[in-house]
1. Mind checking which residues of segment 95-110 are without any contact (Cβ under 8 Å) to a residue 24 or more places away in the chain and either under 23 Å from residue 41 (Cα atoms) or in a loop (DSSP other than H, G, I, E, B) (or both)?
2. Restricting to segment 31-84, name every residue that is in contact (Cβ under 8 Å) with a residue 40 or more places away in the chain, under 11 Å from the mean Cα position of the chain (by Cα) and surrounded by fewer than 18 Cβ atoms within 10 Å (Cβ to Cβ).
3. Give segment 26-61 a look and list any residue that's more than 10 Å from the ligand (Cβ to nearest atom), in a helix (DSSP H, G or I) and either closer than 14 Å to residue 82 by Cβ or touching a strand residue (DSSP E or B) at 6+ places or on another chain (Cβ under 8 Å) (or both), or say none.
4. Scan segment 106-125 and tell me whether some residue there is more than 7 Å from the ligand (Cβ to nearest atom), buried (at least 18 other Cβ atoms within 10 Å of the Cβ) and closer than 16 Å to residue 20 by Cβ.
5. Within segment 75-101, how many residues turn out to be within 10 Å of the ligand (Cβ to nearest atom) and over 17 Å from residue 21 (Cα atoms)?
6. Return the residues of segment 1-13 that are in a helix (DSSP H, G or I), closer than 19 Å to residue 102 by Cβ and more than 12 Å from the ligand (Cβ to nearest atom); say none if nothing qualifies.
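Readers should treat all values here as calculations from the given coordinates under stated rules, not as data from a laboratory. What you see is a predicted model, and the numbers here were worked out from it, not measured in a lab. Cβ placement follows ideal geometry from the backbone for every residue including glycine, while neighbour counts extend to all protein chains displayed.
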Ligand code: HEM
């Protein structure tokens, strides 16, 4: 069974996204980025993106990861906090330790796209 299925498919991913969203919004360091954001819409896009990233068949219909993050000029430390919160979400989930590591690796690969999203070469039509 593929990773996406082991997580419980779209519903499983959605539950992880919602848990993460609460941690992120309440975080003293990065919560402020979400003050003006429509969280229902954001979580819908996050669920689509994570599902596509983790092997689901649904296509991601949101903006590119670069385009979504470039206005915020995020730092390495913002990204570290985000990864720490995802680590906590996964630790509290039923995902196996091996699956948790795979997910963290997949997200870690997006670091430079998220952190350097506002670099001049940021205009991209790709998903990431
Ligand atoms: C691997 C890490 C990350 C992934 C996979 C990710 C994924 C996403 C996705 C899929 C969206 C929705 C894009 C759309 O609406 O079309 C989004 C939006 C957003 N992300 Fe991230 N994100 C990551 C890291 C971060 C970090 C570190 C921060 C801030 C500390 C952040 C802040 C935001 C904000 C504020 C939005 C809303 C943008 C808006 O609606 O204007 N993200 N993210």
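1. Listed by number, the list holds a single entry, 109.
2. The answer is none; no residue qualifies.
3. Matches in segment 26-61: 26 only.
4. No, segment 106-125 has no match at all.
5. 3
6. Answer for segment 1-13, where residues must be in a helix (DSSP H, G or I), closer than 19 Å to residue 102 by Cβ and more than 12 Å from the ligand (Cβ to nearest atom): 3, 4, 5, 6, 9, 10, 12.
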